[in-house]
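One structure is given here, and the rest of the page talks about it.
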Amino acid sequence: ARIGSLWECVLYSVFGDESADESKVRVFAVAGVFGSESDWSSLKAGWFDRTGERIFHAADCETNQGDFATTTDAENKRLYKDLTQLLCRSKLMGRGHAVDLAGWRDAFPATLDTRADIPYYTCFRNVVQECGDLALLSVPQENVEFTFDQRLESNYNAGVLYSYMAKLKSWPASSYLQEKISFASRKYVGVQAADLVARETMKHLDNIVGPKKRGTRRSLAALQESGRFRFTFYTREWFKDFRRDFRNVAASCGVDFKEYQEWLAQHGLTDNISNRHRHMIGRFPPDEN
């Protein structure tokens with residue numbers, strides 16, 4: 001229940017983005033940044049002041065490309081550090097999830113689950129869930145609006161998955177999610193902030209599983225030390241354990257693979273992301289109230 005008329009104007013916002021290694025075969029990550037309207041307003045002022053309203057792109061800034069090709073490496077690294085510190089000093093909270101793609105493919109060989117879009121939806125779902133839980137745990141409790149960076153190859157299915165989560169009766173935070181998710185360009189400071197957190201999430205896991213092993217980046221350490229940004233990394237070992245318990249976990253969540261196959265055959269459909277989401281929504285209809 002909402003806390004009272006004094007708080008009814010409060011609305012939380014989550015901005016999200018994804019990040020992948022340069023080859024797009026080792027690591028994929030999604031991150032979301034959560035805050036109130038006042039939290040975001042405070043960040044925007046400092047962000048615009050530091051960037052000069054130039055659109056920030058974490059990968060380009062760190063590698064001196066795109067709009068950051070005309071400034072020096074030292075200037076770009078200083079900007080990246082300063083924006084990270086702005087996030088650390090803010091009241092915003094963030095959640096990042098990253099997948100070891102090789103570990104994923106080894107755990108699920110020759111199935112739909114090895115497709116490149118599956119890690120996106122896995123990380124996307126977990127970020128939405130954790131940020132939705134933040135709205136449930138916040139004082140005051142209020143609705144939360146989700147806006148993710150434009151990703152044309154997945155916008156439709158991400159919207160369907162979000163819709164399913166917003167109507168899931170068994171999840172207490174579902175009633176706080178706005179009915180629909182939005183997708184926006186990188187001109188929004190929220191998306192730029194999420195881009196930085198997503199890159200830090202991705203780079204940390206890539207430094208563990210990639211060809212060059214490195215320690216924790218200072219920027220990620222600073223976000224962790226703030227106590228408001230948390231990261232989850234799905235490694236090869238995690239997928240081995242998940243694979244071992246996959247059927248039991250699925251059964252406990254009400255997933256019936258035989259029923260799903262029969263549903264596909266009945267409607268003359270093939271196994272793909274859209275049909276998996278359609279089947280879930282059909283089995284878990286929205287609340288009648």
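The values are calculated or read from the model by the stated rules, or taken from the named source; none is laboratory data. Given the structure is predicted, the values throughout are model-derived calculations rather than measurements. Glycine also receives a Cβ, built like all others from the backbone with ideal geometry; neighbour counts cover every protein chain displayed. For the accessible areas, the whole protein counts, side chains as well, though only heavy atoms, and no ligand, DNA or RNA atoms are used. Shrake-Rupley method; radii C 1.70, N 1.55, O 1.52, S 1.80 Å.
Structure notes:
- Qualifying residue in region 68-90 (condition: open to solvent by 50 Å² or more (accessible area, probe 1.4 Å) and either closer than 20 Å to S185 by Cβ or under 19 Å from the mean Cα position of the chain (by Cα) (or both)): no
- Of the helices (runs of 4 or more DSSP H) that lie entirely inside region 116-223, those containing 3 or more residues that are acidic (D, E) span 117-137, 189-209.
- Extreme residue, surrounded by the fewest Cβ atoms within 10 Å (Cβ to Cβ), among residues of region 1-12 that are modelled with pLDDT under 95 and not in a helix (DSSP H, G or I): A1
- Residue check for R125: over 24 Å from the mean Cα position of the chain (by Cα) and surrounded by fewer than 19 Cβ atoms within 10 Å (Cβ to Cβ): no
- Selection count where residues are buried (at least 18 other Cβ atoms within 10 Å of the Cβ) and touching a residue at least 40 places away in the same chain (Cβ under 8 Å), scope region 209-221: 2
- Residues satisfying the criterion are absent from region 196-208 (criterion: surrounded by fewer than 22 Cβ atoms within 10 Å (Cβ to Cβ) and more than 27 Å from R26 (Cα to Cα)).
- Flag for D106 being of a type outside the set (G, A, S), more than 21 Å from the chain's Cα centre (by Cα) and modelled with pLDDT under 95: yes
- Residue count for region 13-70, restricted to those that are outside any helix (DSSP H, G or I), of a type in the set (G, A, S) and touching a residue at least 24 places away in the same chain (Cβ under 8 Å): 9
- Any hit, region 58-67, residues being within 27 Å of L134 (Cβ to Cβ), open to solvent by 50 Å² or more (accessible area, probe 1.4 Å) and within 22 Å of the chain's Cα centre (by Cα): no
- Restricting the first member to region 181-192 and to residues that are polar (S, T, N, Q), and the second to residues that are in a strand (DSSP E or B) and surrounded by fewer than 22 Cβ atoms within 10 Å (Cβ to Cβ), the beta-carbon pairs closer than 7 Å and six or more apart or on different chains are S182/T147.
- Scanning region 132-146 for any residue that is in contact with a His (Cβ under 9 Å, 6 or more places away or on another chain) and modelled with pLDDT under 90 turns up nothing.
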